[in-house]
Amino acid sequence: MLKQCVKKKSLPQRGQPPSTSTVEFFRIPASPAAPTAPWNTRLRELSKLSRFPEALALYRQMLRSGASPNTFTFPFALKSCGSLSLPASGAQLHGHVLKAGCEAEPFVLTSLISMYSQCSLIDDARKVFDHCPQSRHLTVCYNALLSGYTSNSRFSDALSLFCRMREMGVLVNAVTMLGLIPVCSLPVHLGVGMCLHCCSVKLGLGCESSVGNCLLTMYVKCGSVEDARVLFDSISCKGLITWNAMISGYAQHGLASHVLDLYREMKSCGIRPDSVTLVGVLSSCSHLGAYHIGCQVERQIELSGFNSNPFLNNALINMYARCGKLAKARAVFDAMVEKTVVSWTAIIGGYGMHGQGELAVELFEEMLQAGIRPDGAAFVSVLSACSHAGLTDEGLKYFYAMEKKYLLQPGPEHYSCMVDLLGRAGQLQKALDLIHTMRVRPDGAVWGALLGACKIHKNVEFAELAFERVIELEPANIGYYVLLSNTYNEANNMDGILRVRVMMRERKLKKEPGCSYIEHGGKVHLFLAGDRGHPQTIEIYRMLNELEDWLKEIYNLDKNYLERRDDERLSGMGVHSEKLAIVFALLNTKHGTEIVVIKNLRVCEDCHLFMKLVSKAVDRQFVIRDATRFHHFEGGVCSCKDYW
DNA sequence: CTAGGGTTAG
């Protein structure tokens, strides 16, 4: 019944005018004198507001009304087709352009070129360009085609067009460079990117702030953060976007403490951060576990009225989750009006990393119910949640559904989750079989996951096999040598341990230094083992010695602890970073406040003992958090529900 | 034609 109604309404009889009242209402008398200008004005407005579907509807209405589109109509209609990626409508519009005879108008010409580029029909864009002799002399046409090549990742075409442009003596402006520079956003293209940098300077465009910002981002995307920083320092008039580009650049490369330093510097220069700045800062807080700075940022978000920005809310969910505040993460998530797949991924990942696999799975199902299509990242978060919580069957179910139901090709990151899942469940052979069925080449993480499982289950045979593979792919990754060595240790295989040591020495690999840090006064204070760089170094070491002497007396510290302590000092390794951070906190925080120390690697037993005794002796609460694994050690006991 | 942004294991 419903079907019939719909059919009757939407399909008017052939040859008869549509009978809906809206069309009649807007109808303009069909005569050659029907004015075009009012339509154009409205069309331009809608296009400027990015209301493209409405703009196209208006264009159709305009045609029906009998008004004829002109030079000032087509650009906005074409832009709408391009933005919505509607190649068929775009081609139809092209027909209208030809009929109206305004293909040679520069504004129309560039709009046609960019429409085809946005619809991924870059060759059609080129045809338009070649077909019109006008375009050979117009900077805007080259610019349109250049940015078309860039957005369709046609590296060499973009460059040869640029060369041709220069040969023809066409004026190169800032927009040309902005269209061209982003083709060099892969490390392999860094050399060309540097040439473009020189080129910009030679052409007198080096002082254009937009070009500078664009180059800065190019260096970041090429993985050359140092070069980006050099450029950043050389820019004399840094605008908000310049600061944001550098801050996001550091954030994307995980240089979280650099982000926080730069953020402070930016504020002290009197630049007001906007939502883009805060996204970068929040993501760095997540990486560091810098909860208090994260909270400050949230207040700033409220003050600035950015509460409903989805990028910021997603970053907030992640920050709270990684700082162990799941309830807060959930509150932000629940308050979001428009939850994207990224929001769901963040909250699912949050529950997953804290061992709450059942909740993560429930949320994933809720997401599906809400009609959100999961992407590759969403599957990574649910699969890893399953593996941490021991939900082997659920994990397998999702892995198969991913390919069969959602038609997503699993990448190496999904396989490494699955190997982890099977491996933790003790099914090492199945995990190995799965690796052999992979259609993509397994990466280090896949073999690494198998190696990790071998350590849990003390399986030397499989561990040696996995190690051999993983080391081909990542020969300098110390973590894998340590894992193999630990596996031998669990199996009481001393020969194995020695072999790993020899291997590490031959390859000149040293265990990476641990570091610990503490948030204090809106700053992150970082300590390496034996660090002497902190301004309070002298006080810290003096107090540490006093403390240890005192602990020795009142608690009878065991001999081994003291021997190891002297060892660490004499061998040049230096005092463990946890101790430095703990003493720093004692010196600088009020009695009664909890001290949160964050560690990048596992906390050693002696430091645990030290913390426990200090906690008792001076009556202070400590939490040591492992920032890489989200283990929560409270009072020396691992409170994490995960069964790592 | 036009510079900066969120989620993902080990």
Task: Estimated [θ] at 222 nm from DSSP helical runs (n ≥ 4, -39500 (n - 2.57)) normalised by residues in chain A, nearest 500 - done: -20500 deg cm²/dmol
TODO: May I have the convex hull volume per residue, in Å³, for the Cα set of chain A?
DONE: 218
- [ ] Treating the angle as unsigned and between 0 and 90°, give the value, to the nearest 10°, between the Cα long axis of helix A:605-618 and the longest Cα principal axis of chain A.
- [x] 80
Task: Inter-label distance, nm, simple model (7 Å from Cα along the C-beta direction), A:ASN493/A:GLU468 - done: 1.2
Open item on the list: Which residue, A:VAL259, A:ILE456, A:PHE74, has the largest displacement toward the positive end of the dipole of chain A when charges sit on each Cβ (Lys, Arg +1; Asp, Glu -1)?
Closed with: A:PHE74
Task: In sequence order, calculated HN-Hα J values of the stretch A:520-533 (Karplus, 6.51, -1.76, 1.60; Hz; x Gly/Pro) - done: 8, x, x, 10, 9, 9, 10, 10, 9, 4, x, 4, 10, x
- [ ] List every residue whose amide H lies under 5 Å from the amide H of A:CYS515, counting only residues 5 or more places away in sequence or on a different chain, with H placed 1.01 Å from N in the peptide plane.
- [x] A:ASN600, A:LEU601
TODO: Over chain A, give the accessible area per residue in Å² for a 1.4 Å probe, as an integer.
DONE: 51
Open item on the list: Can you sort A:CYS515, A:CYS237 by solvent-accessible area, 1.4 Å probe, largest first?
Closed with: A:CYS237, A:CYS515
Task: Set of the stretch A:97-116 residues, backbone N closer than 14 Å to the point 7 Å along the Cα-Cβ line of A:SER68 - done: A:97-103
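Could you compute the FRET efficiency for A:ARG569 and A:ARG507, with r as their C-beta to C-beta distance and R0 at 22 Å, rounded to 0.05?
The pair A:ARG569/A:ARG507 has a calculated efficiency of 0.20.
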Task: Those residues of the stretch A:78-96 whose amide nitrogen sits under 16 Å from the label point placed on A:ALA34, 7 Å along Cα→Cβ - done: A:96
TODO: Just grab the label-to-label distance for A:SER308 and A:CYS269, each label 7 Å out from Cα along the Cβ direction, in nm (one decimal).
DONE: 3.2
- [ ] Under 1.5 on a/c is rounded, so check that first for the stretch A:409-512, then, if it is not, pick prolate when a/b is larger than b/c and oblate when it is not; a ≥ b ≥ c are the square roots of the alpha carbon gyration tensor eigenvalues.
- [x] oblate
TODO: Using only Cα atoms, find the angle between the long axis of helix A:310-322 and the longest principal axis of chain A, and express it within 0 to 90 degrees, rounded to the nearest 10.
DONE: 10
- [ ] Report the trypsin sites (Lys or Arg not before Pro) located in the stretch A:375-483 that are in a DSSP loop and have at most 16 other Cβ atoms inside 10 Å of their Cβ, or state none.
- [x] A:LYS405, A:ARG439, A:LYS458
TODO: Select from A:PHE107, A:GLN118, A:LEU587 the residue farthest towards the positive end of the dipole of chain A; place +1 on Cβ of Lys and Arg, -1 on Cβ of Asp and Glu, and compute about the Cα centre.
DONE: A:PHE107
TODO: Classify the stretch A:425-473 as rounded, prolate or oblate from the Cα gyration tensor: take a ≥ b ≥ c as the square roots of its eigenvalues, call it rounded if a/c is under 1.5, otherwise prolate when a/b beats b/c and oblate if not.
DONE: oblate
- [ ] Kindly rank A:177-188, A:532-543, A:51-62, A:108-119 from highest to lowest mean number of other beta carbons found within 10 Å of each residue.
- [x] A:108-119, A:177-188, A:51-62, A:532-543
Open item on the list: Output wanted: per-residue J couplings in Hz (rounded whole) for the stretch A:265-270, from phi through Karplus 6.51 cos²θ - 1.76 cosθ + 1.60, θ = phi - 60°, x for Gly and Pro.
Closed with: 4, 4, 5, 6, 7, x
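Let me check against my output: what whole-number percent is the relative contact order of chain A, with C-alpha pairs under 8 Å and at least 6 apart? Display every interim value, and only then the final one.
Numbers: 877 pairs, mean separation 35.1, N = 644.
After rounding, I find 5 percent.
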- [ ] Compute the long axis of helix A:275-288 from its Cα atoms, compare it with the longest principal axis of the Cα atoms of chain A, and write down the angle in degrees, 0 to 90, nearest 10.
- [x] 30
TODO: Go through A:LYS79/A:LYS221; A:LYS238/A:LYS523; A:LYS325/A:LYS552; A:LYS328/A:LYS455; A:LYS202/A:LYS238; A:LYS339/A:LYS405 and tell me which ones have a Cα-Cα distance over 32 Å in this structure.
DONE: A:LYS325/A:LYS552; A:LYS328/A:LYS455
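The values are calculated or read from the model by the stated rules, or taken from the named source; none is laboratory data. For clarity, every value in this text was computed on a predicted model and none was experimentally measured. Every residue, glycine among them, receives a Cβ derived from its backbone with ideal geometry; neighbour counts consider all protein chains shown. Keep in mind that these areas ignore ligands, DNA and RNA; they rest on the heavy atoms of the full protein, side chains included. Shrake-Rupley method; radii C 1.70, N 1.55, O 1.52, S 1.80 Å.
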